[in-house]
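Notes for the one structure printed next.
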Amino acid sequence: MNTLIVTRHSALIEYLISEGLATADTPHVSHVTPDDVRGKHVIGVLPMHLASLAESITEIPLDIPADMRGKELSLADMRNYARPAVTYVVTAA
C-alpha cells in the first residue's frame, strides 16, 4: 500500500521514522488534494471528506500542554507528548 505523510511539521516526520512508522523515502506533503490521498494510507490529519478517500489514515495523538500549543515541537517534544498511533478507515455514509 502506498503511504503518504501529510504534515507541515518536520519533527513529526522524524518521529514517524524513528518509530518505524515511515522511512526516509516515504513521501510527505503539507497540503493535499483528493487525488493525492485517494487509495493511499495517510499518516497525519485530514478533514473527513479527504479521509474517506484514503484507504486508511493513521494519526499520532498528541497530549500537548496548553502552554505548548501553537508552538513548533522538537523531536524530543514529540516523544514526550505522542501517544500510540491510531489507524482509522473512514467511509462516507
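What to note about this one:
- The lone exception for D35 - which of (1) over 13 Å from the mean Cα position of the chain (by Cα); (2) closer than 30 Å to A93 by Cα; (3) modelled with pLDDT under 95; (4) not polar (S, T, N, Q) it fails: (3)
- Residue tally, condition open to solvent by less than 70 Å² (accessible area, probe 1.4 Å) and either in a strand (DSSP E or B) or acidic (D, E) (or both), over region 14-59: 10
The values are calculated or read from the model by the stated rules, or taken from the named source; none is laboratory data. The structure presented is a predicted model; accordingly, all values stated were derived computationally and were not measured. For the accessible areas, the whole protein counts, side chains as well, though only heavy atoms, and no ligand, DNA or RNA atoms are used. Shrake-Rupley method; radii C 1.70, N 1.55, O 1.52, S 1.80 Å.
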